[in-house]
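Okay, so here's the structure we're looking at.
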Amino acid sequence: MELIEKNENQIVFCAKITDSLANAIRRYINQIPVLAVDEVEIYRNDSPLYDETIAHRIGLIPLKMDKAVNEKTEMEMKLDVKRPGMVYSGDFKGALGVVYERIPITSLGEDNELQVVAVAKTGKGSEHSKFSPGLFYYRDVVEIKMDSELYDKIKSAISHNEVKKEGKNIIVIDNKKKEVADICEEICREEGKKAEMIPKDELVITIESFGQINVSEIFKRSIAALTKDLELVSKTLK
C-alpha cells in the first residue's frame, strides 16, 4: 500500500487489491453507525421554504461524533432564530455540535422566525443517505504505452507523473490522484497515434469524509463491519 495524498477529509492511496474486495469495503461504509437528525418538529416557520424542505436540509447536516456515541444514542438540538438574513447550521444549540457551521438552511425577512426542535439518532447509510459517513471510490492503475515522439507533449501535460523512455516508446504509470489516461489518449488521437493501456493489479482508492468520522477511521470501521459479517456467514455455514 502506498499513500498518495492525505488531508483532513480525504485520503488517496494505491493498493494491490481486487476490484471485488474494494467494492465490498465500499459498500460496507454504509454499515457504519452515524449520528444524524432523524426527527424534526417545526413550531414556527416564517421562511419562504416549506416545512418538509427545512426538515430535509436539517437532516443532511453532518453532526460531530465523539467516542460516547453508540447505536442507542439519542440527543436533542434546538434552533430559534428571529432576525433577517440567512439561518445557518451553526445556529443550532444543544449537546451536539455541527461539523460545518456555515451550511445555509433558509433565509428570514424582517420579523420572521424559525423555531425548530430536532432529535438526532444513529443509523446506517443503507437506511438513508443522511447516515452516510463519506464516499469511497476507486479506479484501476494502468500502464500507458505511447510513441516516443510524443514525449515532450506528454511530459508537459502530466508533469506529476513519471514519463519513462523505453526504445521507441514512452511509458506512463497512471497511479496518482489525478487520472491521466484520458489526457494521454486525447494527445495520441490529436497526433494520429495510438495509446496502449495495460491494466496493473493495483487500484487507486479515494476515501472522503463528510466530517462526522475521521477519514482513516472510516476505512477501518468499514473493514471491521465487513469482517464481522463474513465471520457470521462462516459460522452459519459450519
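Values quoted throughout were computed directly from the atomic coordinates according to the rules given, and no laboratory measurement underlies them. Just so it is clear, the model here is predicted, and its values are computed rather than measured. Note: ideal-geometry Cβ built from the backbone for every residue, glycine included; neighbour counts use all protein chains shown.
Counting beta carbons within 10 Å around each of Leu114, Leu3, Leu203 and listing the fewest first gives the order Leu3, Leu203, Leu114. Can you match Rg and Dmax of the Cα atoms in Å to one of these, [x] 24.0, 76; [y] 19.1, 62; [z] 17.2, 52, based on a calculation from the structure here? Label [x] holds the value from this structure. R0 = 41 Å: FRET efficiency of Glu76 with Leu230, Cβ-based, nearest 0.05? Efficiency computed from Cβ-Cβ geometry: 0.65.
Among the listed pairs Lys6/Lys164; Lys176/Lys228; Lys64/Lys220; Lys153/Lys200; Lys6/Lys165, those whose Cα-Cα separation exceeds 20 Å are Lys6/Lys164; Lys176/Lys228; Lys153/Lys200; Lys6/Lys165. Whole-Hz Karplus values for the stretch 143-159 come out as 9, 10, 10, 9, 5, 5, 5, 8, 3, 4, 5, 5, 4, 5, 6, 10, 4 Hz, taken residue by residue from phi with 6.51 cos²θ - 1.76 cosθ + 1.60 and θ = phi - 60°; glycine and proline positions read x.
The 3J(HN,Hα) values that the Karplus relation (6.51, -1.76, 1.60; θ = phi - 60°) gives for the stretch 223-235 are, in residue order, 5, 5, 5, 5, 4, 4, 5, 5, 5, 5, 5, 4, 5 Hz. Gly and Pro appear as x.
As a proxy for reagent exposure, ranking Thr73, Thr122, Thr18 by other Cβ atoms within 10 Å from fewest up yields Thr18, Thr73, Thr122. Between amide H atoms placed 1.01 Å from N, distances below 5 Å from Asn214 occur with no residue 5 or more places distant or on a separate chain.
In plain terms, the residue of Phe92, Phe210 with the fewest other Cβ atoms within 10 Å comes first and the most crowded comes last, giving Phe210, Phe92.
Between the amide H of Ile170 and those of Met146, Asp147, Ser148, distances stay under 5 Å, these residues lying 5 or more places away or on another chain, with hydrogens modeled in the peptide plane. Seen from Pro199, the other residues with C-beta closer than 14 Å to its C-beta sum to a net charge of -4, counting Lys and Arg as +1 and Asp and Glu as -1. Taken about its Cα centre, the chain carries a charge dipole of roughly 760 debye when the Cβ of each Lys and Arg holds +1 and the Cβ of each Asp and Glu holds -1.
Take the Cα of Glu8, go 7 Å toward its beta carbon, and the backbone nitrogen atoms of the stretch 54-92 under 14 Å from that spot belong to 64.
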